[in-house]
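**Q** Pasting a structure here, questions to come.
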Amino acid sequence: MTVIVSGKQKRRLQAREQDHQSVWFGLGLFGIVGWSIALPTLTGVAIGFWIDRRWESRFSWTLMLMFVGVVLGCLTAWRWIQEESSETCAQQQNEEGQE
């Protein structure tokens, strides 16, 4: 017996699968974005703390390098999110074109 699935039902099934994936994808995205900001920030703090302990200065290298780390981390996260969203849009356009 051949079961014919209409286009509407097929899209409904795909939406259910994508909803399940989107929850995990969203959690993974939060993790990646968080780490992409946290690692450069903590690296900047560690290097700045080392410089402040090593050489006297009237400027706080810890604060300056922490700011640089936050900016670099945010730029990295933004670029990664832009790449992922463009891939998602391209996949959706391909799927719509195939129907």
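The values are calculated or read from the model by the stated rules, or taken from the named source; none is laboratory data. Computed from a predicted structure; not experimentally measured. Heads up, the Cβs are rebuilt from the backbone with ideal geometry, glycines too, and the neighbour counts pull from every protein chain shown.
**Q** Report, by residue number, each residue of the range 57-99 that is acidic (Asp, Glu), over 19 Å from the mean Cα position of the chain (by Cα) and either modelled with pLDDT of 90 or more or assigned to a helix (DSSP H, G or I) (or both).
**A** The answer is 95, 96.
**Q** Is one or more of the residues making up the range 33-51 modelled with pLDDT under 85 and under 27 Å from the mean Cα position of the chain (by Cα)?
**A** yes
**Q** If you go through the range 9-32 one residue at a time, do you hit one that is loosely packed, with under 11 Cβ neighbours inside 10 Å, at pLDDT below 70, at negative phi and not in a helix (DSSP H, G or I)?
**A** No, that holds for no residue.
**Q** Between a residue in the range 60-77 that is over 12 Å from residue 49 (Cβ atoms) and any residue that is surrounded by fewer than 18 Cβ atoms within 10 Å (Cβ to Cβ) and among the small types (Gly, Ala, Ser), which pairs come within a Cβ distance under 8 Å, given they are 6 or more apart or on different chains?
**A** Every condition considered, the pairs that remain are 73/38.
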